[in-house]
């Protein structure tokens, strides 16, 4: 059962989810958008998020860090590439797990579920980015700044949410909070599913 602070965070999250302000990323290489049929492929370095592909300890290939209390570390990334063609803004969003930057020292199913939670949070914010860009009114003069503002706002929110997850679950050491957080993350994935088809 979520505690009061988690409920407040969820309420703030949902209020913000529908009202993302418009904000840019440096111009990326031009990409063609393939919509929901776009196939994201795993390679030696990256695993794109998928509801069908959960993390395994074999995916954590970096050497464990020394001089830290952490027993595992997950490296995820949320990226965007965009272009304007025929006065139409097109974009591609990526949500990836890095095999070569993630590591595990204590490899239990319980710790792995905490690490999967971090990857799932990044996916939630990929969807949130897609929602914000879908509702963006294209402005040819300012689109670079606008897209960057949206992206930076989403990244800031994602990082704060990741930190809150670790803080409230005490990096999974608080089993009650960890269980509550996994339910919150599952609910957020369900609630953002209309935006899961991001290009």
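The values are calculated or read from the model by the stated rules, or taken from the named source; none is laboratory data. Predicted model only: the values in this text are computed from it and were never measured. Using ideal geometry, Cβ is built from the backbone for each residue, glycine included, and neighbour counts are taken over all protein chains shown.
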Exercise for the section: Scan segment 82-118 for residues that are modelled with pLDDT of 95 or more, surrounded by fewer than 18 Cβ atoms within 10 Å (Cβ to Cβ) and within 28 Å of residue 147 (Cβ to Cβ) and jot them down. Expected result: 94, 98, 101
Handout entry: Failed condition for residue 79, given (1) closer than 30 Å to residue 139 by Cβ; (2) at pLDDT below 95
Key = (2)
Exercise for the section: Identify the residue in segment 58-74 that is surrounded by 17 or more Cβ atoms within 10 Å (Cβ to Cβ) and outside any strand (DSSP E or B) and, among all such residues, is nearest to the chain's Cα centre (by Cα). Expected result: 74
Fill in the blank from the handout: When segment 153-178 is checked residue by residue, the ones that are loosely packed, with under 15 Cβ neighbours inside 10 Å and outside any helix (DSSP H, G or I) are 170, 173, 174
Exercise for the section: Test residue 84 against the stated conditions and say whether it is on the phi < 0 side of the Ramachandran plot and in a strand (DSSP E or B). Expected result: yes
Exercise for the section: Report yes if residue 121 is closer than 30 Å to residue 66 by Cβ and crowded, with 19+ Cβ neighbours inside 10 Å, otherwise no. Expected result: yes
Problem - residue 78 being closer than 24 Å to residue 161 by Cα and part of a loop (DSSP other than H, G, I, E, B) - result: no
Exercise for the section: Consider residue 15 carefully, then state whether it is at pLDDT below 60, under 25 Å from residue 180 (Cβ atoms) and within 21 Å of the chain's Cα centre (by Cα). Expected result: yes
